[in-house]
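The values are calculated or read from the model by the stated rules, or taken from the named source; none is laboratory data. None of the values given here were measured: they were computed from a predicted structure. Note that we place each Cβ from the backbone using ideal geometry, even for glycine, and neighbour counts take in every protein chain shown.
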């Protein structure tokens, strides 16, 4: 080939070109953003609206539904889901993949602005935001100190968060916990009644007295004066001395009534709705989010450096404790992938050296690995991808593949040298003899990943960098094998002499190589005899190979089906014995053994989504009874905290009481006094004897014994897509009562499945609610409306704040602090006090209380109300037991719910169920397309539509080996192992192509078919085993699960190892036999079509 000839003639040019690729790749490697997983764009927009004091039903009716109706008509919307909680409405819009999210956000904001006037006046402006998976915290830490909690919170907001926000790559900093200063005006009902005042009088006076107002200017000839009315409060005493009412002799008041006469003005803190602690001590939580394109490691290191500087600036009692650092796991995971990568390289090089006995040849082949890897980094950087676990895993699994081309080329060059050719001549002839075949076997590795590159959905985005990495590295290895490898062989190798082979070994290495050569000659002779026997017993070998496929598949079937397969196996054996009478003993023996094994061996197959990685962290969700107060829930959580801190596996515990989201930020969690969330950091995986799953299971058992009546769900923290609930069932319908009944039935049925734990429903028993019913006639007689009464009750209990009036703030030293007006704490402690709330006074000066126009009864308020696509929804979620697999559990759930009367409701499977179904569907389609492309490549190479079918037989055999190894190792068939199977299709096909292509080459030289098949098998045995062993040992470190995040990578490697091991043995015997059978079939077809066989000489060599 001209490229090889040019490379041999211009060695300096080729060397500089290859060196340029390495240098550019190294530079690109330094610029790559480091993160754990590839960036996945979720086309999701959220709308968060705060409605202080509103219960979930009110939030749903007044806020959520109007927003849903308005945004559901936007183009490209897939689903609109919502959650209405106490004080919050969260509407989530999921768009179709490929939607321009910036345009979608702009459209959503326009729609919200159009209906803003229709929403309740008490709400805060809705916040529209894109969902960004990279916006999760990179680093979280607690701030503690020996000072009032509100001062620590103030330092965290004004100093720490502000400084950290300037760090390169930081998107925002979220502060939670602590206390916030608030000026509280606590009114006393008896004092208000004594002065014939109401809440409205106080609020009106405050609102009218606390503002500055520009009033224009005065212009003189020489200068101008601005005019401004100064009315803002400058001290608490000013607030206390504010005149509420001037003296009025009608009420016996000669002096004015001041605010201090009817209220206590307190410089206090906001009433706590959440409690935040770190390791049992009150703390302020700070979470740092990175920009979507920022480097996780660089951002985390920058934040840590800034924290060190802050320690020197802040008071000495202020301390920082980091309880979550994503960069550490990322660095550990990438380091461990690198370790697996270099171990794979070392093992692959040792295999090559063992076969070649020559350091020059080994060095030439090993150069293909770093050249291909660094050149791939250049492409990765050019395409805008990051250095993540999927990219590194792709490189580590491709190690053996990268040296394949060079092995095949160099092994062929060696054969030509042994014939006495000059190195330059041997380099050219050895390369060109297998030129087209080498291109084909490389393209086979590439085309299996082409469908994956264009695969849609979230799974397509996740695996696209992996597919591009492997395909690019393999193409670069092909380029190296065409240019660099033969060029170095031409100038580094020496002409072989007869004496070299006959010289007695002297050194230890030479003796080892001599022993290996003897072993190899024996193996070669044994294989030749086995191949000749196989060709003499073609029917038996062909049927046995395919029967093994059928029976191994049967191992994973139930007994009834295994019995059927066993009977079928025996029948095939009997038919084979009758048709091929010379081989009747073999047919009966093989079929009998396989039938017995089929009946005796059963392997329960397991199916899953993504393996969960042990990241050394647990998340614990605590739910107390619905009537539980914040402090009662806190008492329960403290008991759990003490147990956690006493465990030797615990490093730190970050606690949030009042919310199920870490840090108390709004998101997909629940908010309320009965909820709590604990983030537990564990010691590193290699320093503890228990896995995170085992610890989680033990904690659930402890909670059942020690926290009766409390729901405790423990899940392993993971940064992958597996962070979705393993089991998630959505119930949709218009009648919420039907959904509640159905959810209760499903929960009872699920509780009987032993593989499921932590079953939770989004519909929970309602919290106690005091419902005020206004008698409209009585209210009207006294000059009131229902709205008047509701507003006064809201002021009395929730308070009158900045949300209601921007003037309700107190300014001190340039800082604004909120003012809250409401009843004193002791006057809002029991339900009986509500009816005595003063509303107004009559003309005669008699007080009118709430009890005069309304009644109060005890009811229930829902905790959360969910909707999807404008239908009511209840979601049931659950975790899996450590030994359970998602696919098997899904089958059990579907069987358990098969006869359920849904009453017209829709039952959907979401969470990982939905993700697994979508991903497996896309990957199955990708696998089918890969097989079609492989066939098309081979048909083009062989110039035959029939001969490629003989090679395609090796694919199902490889599939069986992969499934068998996955089941034996307990990994099961999941997303990552499916990727390994797709990769395996290309690897297995390459070996068969080497055999069949060289067979055709020999037949074109005049060999008869028998001699050509045997000669090709014997000649290609060494390169086949060399490539197989280099791939095997190249992926072995990944399969051994060394280090952090290895659970995610190992199923891919195990699938490759299993398929490669079984298919190699079958390929060396079954494929040559199948080749002859299909060749006979092709000749028979040609005789039938044209009346004469196609001459053998028409099979063109690859030269």
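Odds and ends about this structure:
- Residue satisfying all of: in segment 273-310; exposed (fewer than 15 other Cβ atoms within 10 Å of the Cβ) and modelled with pLDDT of 90 or more; farthest from residue 678 (Cα to Cα) among these: 309
- Selected residue (criterion: nearest to the chain's Cα centre (by Cα)) from residues of segment 585-608 that are more than 22 Å from residue 1066 (Cβ to Cβ) and at pLDDT below 85: 608
- Across segment 331-380, the qualifying residues are those that are touching a strand residue (DSSP E or B) at 6+ places or on another chain (Cβ under 9 Å) and crowded, with 20+ Cβ neighbours inside 10 Å, and the one among them that is nearest to residue 29 (Cα to Cα) is 377.
- In segment 125-137, the qualifying residues are those that are part of a loop (DSSP other than H, G, I, E, B) and surrounded by 13 or more Cβ atoms within 10 Å (Cβ to Cβ), and the one that is modelled with the lowest pLDDT is 132.
- Hits in segment 618-654 (condition: surrounded by fewer than 17 Cβ atoms within 10 Å (Cβ to Cβ) and over 21 Å from residue 882 (Cβ atoms)): 625, 627, 629, 631, 632, 635, 638, 639, 642, 645, 646, 651
- Of 489, 473, all but one fail to be under 22 Å from residue 401 (Cβ atoms), modelled with pLDDT of 85 or more and in the same structural domain as residue 401 (by TED's automatic domain parsing); the exception is 473.
- Single residue of segment 905-919 satisfying the filter (modelled with pLDDT under 85 and in contact with a helix residue (DSSP H, G or I) (Cβ under 7 Å, 6 or more places away or on another chain)) that is farthest from residue 610 (Cα to Cα): 918
- Residues that are over 21 Å from residue 769 (Cβ atoms), without any contact (Cβ under 8 Å) to a residue 60 or more places away in the chain, in contact with a strand residue (DSSP E or B) (Cβ under 9 Å, 6 or more places away or on another chain) and part of a loop (DSSP other than H, G, I, E, B), drawn from segment 798-841: 802
- Residue-level check: of (1) farther than 17 Å from residue 771 by Cβ; (2) assigned by TED's automatic domain parsing to the domain that holds residue 807; (3) surrounded by 12 or more Cβ atoms within 10 Å (Cβ to Cβ), residue 873 misses just (2).
- Applying the set (1) in a strand (DSSP E or B); (2) touching a helix residue (DSSP H, G or I) at 6+ places or on another chain (Cβ under 7 Å); (3) on the phi < 0 side of the Ramachandran plot to residue 658 leaves exactly one unmet item: (3).
- If the condition is being part of a helix (DSSP H, G or I) and within 24 Å of the chain's Cα centre (by Cα), then segment 347-397 contributes 377, 380, 381, 389, 390, 391, 392, 393, 394, 395, 396, 397.
- Flag for residue 234 being closer than 30 Å to residue 52 by Cα and either part of a strand (DSSP E or B) or modelled with pLDDT under 85 (or both): no
- Residues of segment 729-780 that turn out to be within 25 Å of residue 867 (Cβ to Cβ), touching a helix residue (DSSP H, G or I) at 6+ places or on another chain (Cβ under 8 Å) and in a helix (DSSP H, G or I), as a count: 2
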